[in-house]
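Chemist: Have a look at this one.
The values are calculated or read from the model by the stated rules, or taken from the named source; none is laboratory data. This structure is a prediction, so every number in the text was calculated from the model and none was measured. No Cβ is skipped: glycine too gets one built from the backbone with ideal geometry, and neighbour counts run over all protein chains shown.
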């Protein structure tokens, strides 16, 4: 066991000496369970240097990685959710929205805008998982639909990066309606021949998978991402059978024809650019 694995609190022992280690210098990889140097992970676009596990990143970090510097212009940032059902569980829905806003600095679970990727103009939507699990509610559906309509109007490619637990239960049927709304808009985009690239990250599940995530002209995903409708545990409990190893993970879906390609984060920008140039 290496010395940094023996750390307990701010002190670590190296030989006969105690060394004070700054907090936050090391993080535990969720893939290989090893302790890794945080700055090394960040240098690799938040990918584990030992097992290639792709850590979840924020929507703004994703935009910074994909878009050419200084070209991204956010659209519809002022839209915010209402409470059409007066929904209460352990918290009032408006209180959950306020907490998510405070945590992320966003008003909803998706950032939409326009910019350039390797000089290619496009419309971009990126889901933010830290905002109520990236769930798709009425405002998310409206923002994505507006982005699709801008893409259609300006005949510029569309890229959506998904990271979502699915439809938002606090809005009930209003949330489920966004599946049809966004899918209908994508059908118009497809009929016009405007390219749409769907990027799936960990996780992409529920109503998002059942609608916009799987409707791309090209569907690509990061390695190891969980992708599906219902979760593996729910499926096992329903069918009372064990699932195959790696079920609902990126590599399993690629092998069974549900994805077009698996792309590592470091290659994502260049790969999207090449795909859009081919489709155009």
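Chemist: Suppose the filter is surrounded by fewer than 18 Cβ atoms within 10 Å (Cβ to Cβ), touching a residue at least 60 places away in the same chain (Cβ under 8 Å) and in the same structural domain as residue 262 (by TED's automatic domain parsing); does residue 74 pass it?
Modeler: Values: surrounded by fewer than 18 Cβ atoms within 10 Å (Cβ to Cβ): yes; touching a residue at least 60 places away in the same chain (Cβ under 8 Å): no; in the same structural domain as residue 262 (by TED's automatic domain parsing): yes.
No, not satisfied.
Listed here are the residues, each with its yes/no results for (1) modelled with pLDDT of 95 or more; (2) more than 11 Å from residue 212 (Cβ to Cβ); (3) over 20 Å from the mean Cα position of the chain (by Cα); (4) not assigned by TED's automatic domain parsing to the domain that holds residue 81.
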{"site": "114", "(1), (2), (3), (4)": "yes, yes, no, no"}
{"site": "134", "(1), (2), (3), (4)": "yes, yes, no, no"}
{"site": "145", "(1), (2), (3), (4)": "yes, no, no, no"}
{"site": "148", "(1), (2), (3), (4)": "yes, no, no, no"}
{"site": "163", "(1), (2), (3), (4)": "yes, yes, no, no"}
{"site": "166", "(1), (2), (3), (4)": "yes, yes, no, no"}
{"site": "170", "(1), (2), (3), (4)": "yes, yes, yes, no"}
{"site": "194", "(1), (2), (3), (4)": "yes, yes, yes, no"}
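Chemist: So residue 74 clears everything in (1) touching a strand residue (DSSP E or B) at 6+ places or on another chain (Cβ under 9 Å); (2) assigned to a helix (DSSP H, G or I) except one condition, right? Which one?
Modeler: (2)
Chemist: Tell me which residues, restricted to the range 226-254, are more than 17 Å from residue 206 (Cα to Cα), in contact (Cβ under 8 Å) with a residue 12 or more places away in the chain and surrounded by 15 or more Cβ atoms within 10 Å (Cβ to Cβ).
Modeler: 254
Quick grid of which residues meet (1) more than 25 Å from residue 177 (Cβ to Cβ); (2) touching a strand residue (DSSP E or B) at 6+ places or on another chain (Cβ under 7 Å); (3) crowded, with 22+ Cβ neighbours inside 10 Å:
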{"position": "196", "(1), (2), (3)": "no, yes, yes"}
{"position": "200", "(1), (2), (3)": "no, yes, yes"}
{"position": "203", "(1), (2), (3)": "no, yes, yes"}
{"position": "217", "(1), (2), (3)": "no, yes, no"}
{"position": "221", "(1), (2), (3)": "yes, yes, yes"}
{"position": "256", "(1), (2), (3)": "yes, no, no"}
{"position": "265", "(1), (2), (3)": "yes, yes, no"}
{"position": "274", "(1), (2), (3)": "yes, no, no"}
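Chemist: Just wondering, is there one or more residues in the range 36-43 that are crowded, with 16+ Cβ neighbours inside 10 Å, assigned to a strand (DSSP E or B) and either under 18 Å from the mean Cα position of the chain (by Cα) or not assigned by TED's automatic domain parsing to the domain that holds residue 249 (or both)? Steps first, answer last, please.
Modeler: We begin by selecting, within the range 36-43, every residue crowded, with 16+ Cβ neighbours inside 10 Å; these are 36, 41.
Narrowing further to those that are assigned to a strand (DSSP E or B): 36.
Filter once more, so that each one left must be either under 18 Å from the mean Cα position of the chain (by Cα) or not assigned by TED's automatic domain parsing to the domain that holds residue 249 (or both): 36.
Yes, the range 36-43 contains at least one residue that is crowded, with 16+ Cβ neighbours inside 10 Å, assigned to a strand (DSSP E or B) and either under 18 Å from the mean Cα position of the chain (by Cα) or not assigned by TED's automatic domain parsing to the domain that holds residue 249 (or both).
Chemist: Only one residue in 53, 93 is in contact with a helix residue (DSSP H, G or I) (Cβ under 7 Å, 6 or more places away or on another chain), modelled with pLDDT of 95 or more and closer than 23 Å to residue 203 by Cβ. Which one? First the steps, then the outcome.
Modeler: Details: 53 fails: in contact with a helix residue (DSSP H, G or I) (Cβ under 7 Å, 6 or more places away or on another chain).
The match here is 93.
Chemist: Same structure, new question: Looking at (1) assigned to a helix (DSSP H, G or I); (2) over 18 Å from residue 124 (Cα atoms), which is the one condition that is false for residue 223?
Modeler: Residue 223 satisfies every listed condition except (1).
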